[in-house]
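Down below is the structure, laid out as structure tokens.
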Amino acid sequence: MRSLARTMAVAAVAACAMAMPVAWAAEDVNPDAFVKMCDMDKDGMVSKAEMMKMVEKMYDKHDTKKMGKLDKKQAEAFLKELMKGGG
């Protein structure tokens with residue numbers, strides 16, 4: 001379980017780092033939509049726990065083999081969805 005959490009954290013950080021140039025270059029960056037998507041307690045802010053819960057849900061969706069690992073194809077799909085904002 002600790003390995004899964006570490007893998008997800010690394011994937012989230014990598015995806016965020018890779019997405020930053022795309023996000024800043026995009027004209028349709030919508031932080032309101034992002035906050036609305038992640039903000040489970042509706043306080044208008046996104047906590048680390050809320051972010052990780054969203055990332056974990058997306059990770060589980062792409063871990064179709066339920067091995068706690070993503071192969072290259074699954075990782076690519078996961079990162080594409082993450083960069084699109086989970087939608």
Quiz prompt | Residues (loosely packed, with under 11 Cβ neighbours inside 10 Å and in a loop (DSSP other than H, G, I, E, B)) located in the range 39-87 | solution = Asp41, Lys42, Asp43, Gly44, Met45, Lys65, Lys66, Met67, Gly87
Quiz item: Scanning for something modelled with pLDDT of 75 or more and hydroxyl-bearing (Ser, Thr, Tyr), does the range 6-21 turn up at least one residue?
Solution: no
Quiz prompt | Every residue from the range 37-71 that is hydroxyl-bearing (Ser, Thr, Tyr) and under 15 Å from Arg6 (Cβ atoms) | solution = Tyr59
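The values are calculated or read from the model by the stated rules, or taken from the named source; none is laboratory data. Owing to the predicted nature of the structure, the values given are computational and were not obtained by experimental measurement. Cβ: placed from backbone, ideal geometry, glycine included. Neighbour counts: every protein chain shown.
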